[in-house]
Amino acid sequence: MKSYFSKCARIKMLVPWSYLKSWSCLACGHCCKDYAIPLAEHEWLCFRDLFGSMALEQVLDKKCLRRGPDGRCIFQYKLGNHWLCGIQSAKPLACRLFPFKVCFQPLFGKDEGASFKYFGKKVFVYADADCRGIEWGNPGTELVRKIIPEFIRLKLDGYGEQFYSTAHIQTQNPMPPVRSIFSACTKTLLPLAVIA
């Protein structure tokens, strides 16, 4: 149990987005195993209503999705060599944004390499250096024009279609069909999933 909390409390190494050449989700499952998945209050309430309190846990002072005995999110499943999300269209915002952190003020008091212009607005974007999908180097065109803007849009909107910010694994036998609905249990437009 001690190692569980030490992993949850470890300090993330955040680096400015401009250190990355590119990024893509490898569906390795690392982010869903080695991290507690924090939920906003409205997400906690909606997940509790949809899946019950057994799908949730408190880690230190954070409300999170429950993880199994192996430390992996209970909604993750293995398909071949990949780990996929069983609640893809209803993933919490923390999952949608990983490995990026979008801020409205620079972290550590400096904006060196982290500032990004998004429709005239200056935001600060960092990446968790522990992510296996990072390719280091000078920022590539796709990172600048497609990947980073999608993460910023997700942060600002709180929900929305994911294309560049998720893995593209073709499945022959996917999880049961999930359809997006708009939450009736909060005042937000957080898309949630129900089994169709």
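The values are calculated or read from the model by the stated rules, or taken from the named source; none is laboratory data. This one's a predicted model, so the numbers in the text were calculated from it and none came from an experiment. FYI the Cβ positions are ideal-geometry reconstructions off the backbone, even for glycines, and counts take in every protein chain you see.
Here are a few things to note about the model shown:
- Taking (1) polar (S, T, N, Q); (2) in a strand (DSSP E or B); (3) within 24 Å of Phe163 (Cα to Cα) in turn, Gln58 satisfies each apart from (3).
- Residue match in segment 48-64 (condition: within 23 Å of Glu150 (Cα to Cα) and of a type in the set (Phe, Trp, Tyr)): no
- Residue in segment 100-123 that is farthest from Val15 (Cα to Cα), counting only those that are assigned to a strand (DSSP E or B) and in contact (Cβ under 8 Å) with a residue 60 or more places away in the chain: Phe116
- Residues being crowded, with 19+ Cβ neighbours inside 10 Å and small (Gly, Ala, Ser) - total across segment 30-52: 1
- Residues satisfying the stated conditions in segment 98-113, i.e. under 19 Å from the mean Cα position of the chain (by Cα) and either crowded, with 17+ Cβ neighbours inside 10 Å or among the basic types (Lys, Arg) (or both): Phe98, Pro99, Phe100, Lys101, Val102
- Residue pairs whose Cβ atoms lie under 9 Å apart, sitting 6 or more positions apart in sequence or on different chains, and linking a residue in segment 43-60 that is more than 13 Å from Ala90 (Cα to Cα) and small (Gly, Ala, Ser) to a partner that is in a helix (DSSP H, G or I) and at pLDDT 90 or above, are Ala55/Phe47; Ala55/Arg48.
- If only residues of segment 1-29 that are surrounded by 15 or more Cβ atoms within 10 Å (Cβ to Cβ) and among the small types (Gly, Ala, Ser) are counted, the one that is modelled with the lowest pLDDT is Gly29.
- Filtering segment 144-161 to residues that are surrounded by fewer than 17 Cβ atoms within 10 Å (Cβ to Cβ) and under 12 Å from the mean Cα position of the chain (by Cα) leaves only Gly158.
- Members of segment 141-168 found to be part of a loop (DSSP other than H, G, I, E, B) and at pLDDT 80 or above, listed by number: Gly158, Gly160, Glu161, Gln162, Phe163, Tyr164, Ser165, Thr166, Ala167, His168
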